[in-house]
Every structure is written in structure tokens, then in C-alpha cells.
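The values are calculated or read from the model by the stated rules, or taken from the named source; none is laboratory data. Owing to the predicted nature of the structure, the values given are computational and were not obtained by experimental measurement. Counting neighbours? That spans all protein chains shown, and the Cβs are built from the backbone with ideal geometry, glycine included.
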Amino acid sequence: MSPDQIATLASGAVAALLTLLVFSRLIGDNPAFRFAQYLFVGVSLGYAFVVVYHQVLRPNVAGLAASLDNPTLLGLRLAPFLLGLLLLARVTGRQSASWLANIPLALLFGVGAALAIGGALVGTLMPQMLDTVRPDGTDPLALIGAALLLLGVVLTLCYFYFTAPRATPAGRLLAGAAAAGRWLLMIAFGFFFAGGVVTYLAALNGRLEFLVNWLRAPLG
């Protein structure tokens, strides 16, 4: 066998062994599965550290050194490093110093929440609202689809409206609309769950196919 074939066979053996170790979780928690789990976490953290070092830390340090003659640019480049150093105050475990880590954490969570809310409004909520009222040409099927979409959105929103008394005629109408909205939610969640199951089954099929092909390779 050539060196390339030996390397391919060895890498395939390691991959097959790790796959079997993960599959051992089917018989319950055991040291073999925990070994594969810890190995995956360790390798992932090591890879992430190498990527962060080469693509984030090292270029920024080089940029920091190159901007020593520009105070404004130096301050902008130095601010992330100072915020990162404040996070290390949590390592001390002392309340007198650990509160410094709240400054970058508050900034991080605030910016993250603003980006998430802005992304949800611009990328999800506003397009959804526009699509419920936007006619799509003169195609009758498109108009029927837009009307059904609008009806589905209204019925789903009725499920989350709890302040109307159910004893009144309007309240009973709202209760019926809420029941229909609940069924629409269940159907949507069912589609999402089915999509997740199909994804996992595809991954499982890929690993089983790899094992079968690896076992058949020496025989072929």
C-alpha cells in the first residue's frame, strides 16, 4: 500500500471509531461516549482559538502597532482590547474587582439586543406585515394566497390576545379565531419539527453510509 492509501485508511479508521463511540450513546451514558464528547469540545475550542488568534488578535495587534502615529485611530483600536481586559476581572473571583466585567458585558448585551431587535423588525416583522397586504399582480391564485396569508396571520395573532371577555359575542368570536390560530401554530411547529428530524436523519444516513463504504473499501 502506498503512503497515501495508508493515511486515508488510518484517517477513515479514526473517523469510524469516533462515529461508533458517539453511537454508543444509544445504550446509555458511558465513558466511550464521554471521551468522544470531550474530544469534540476540546478540538473545537482549540480550532476556535487558532482561528481567533490568526484572524482577529494578530491582525488587530499589527493594526494597533501601525496606528501609533494616529491618536484617533489608536484610540478606536485600543478600546476593544481594554474592554476585553475588563472581562478578565471575573477571573479574580473578588466582588471588589469583578464588577468591572459588567461594563463590557452590558455593552455586548446591549448592542446584541439592539441588533437582534433591528434584525427581527427589518428582516422578519416588516416583510411579514407587507406580504399580508401586498397584492401580487392580477393572478387569481396569487390573490387567494395573499388573502389566506392575511387570514392566517390574523388568526395566529388572535391566539395571543387574552384581554377580551369570552362571555360577549365578540369574545366568543375571538375565542374561535384563537382556536383556529392555535391549530395553525401546531401545524407550523409540526413542519419545523419534521424539518429538524429530516436533517438529523440525513446526518445519520451520511455517517452510516460512511461506515459501510469504509468497511467495503478494504474488500474492494
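Residues that are touching a residue at least 12 places away in the same chain (Cβ under 8 Å) and within 27 Å of Gly12 (Cβ to Cβ): does the stretch 181-201 have at least one? No, the stretch 181-201 has no match at all. Taking the stretch 97-205 and the helices (runs of 4 or more DSSP H) fully enclosed by it, the elements with 3 or more residues that are within 30 Å of Ala79 (Cα to Cα) are at 102-120. Do we find that Gly181 is surrounded by fewer than 11 Cβ atoms within 10 Å (Cβ to Cβ) and either modelled with pLDDT of 90 or more or touching a helix residue (DSSP H, G or I) at 6+ places or on another chain (Cβ under 7 Å) (or both) in this structure? So Gly181 fails the test. Being at pLDDT below 85 and part of a helix (DSSP H, G or I) is true of Pro218.
Figure legend. Inter-residue proximity from the stretch 131-154: first residues within 23 Å of Ala179 (Cα to Cα) and of a type in the set (Ser, Thr, Tyr), second residues modelled with pLDDT of 80 or more and surrounded by 11 or more Cβ atoms within 10 Å (Cβ to Cβ), beta-carbon distance below 6 Å, spacing 6+ or different chains. Indicated pairs: Thr132/Leu149; Thr132/Leu150; Thr132/Val153. Here Gln128 fulfils each of the conditions (1) surrounded by 10 or more Cβ atoms within 10 Å (Cβ to Cβ); (2) within 30 Å of Gln5 (Cα to Cα) apart from (2). In a residue-by-residue description of the stretch 35-45, the property of being in a helix (DSSP H, G or I), farther than 28 Å from Ala203 by Cβ, small (Gly, Ala, Ser) and out of contact with any Lys or Arg (no Cβ under 6 Å at 6 or more places or on another chain) applies to no position.
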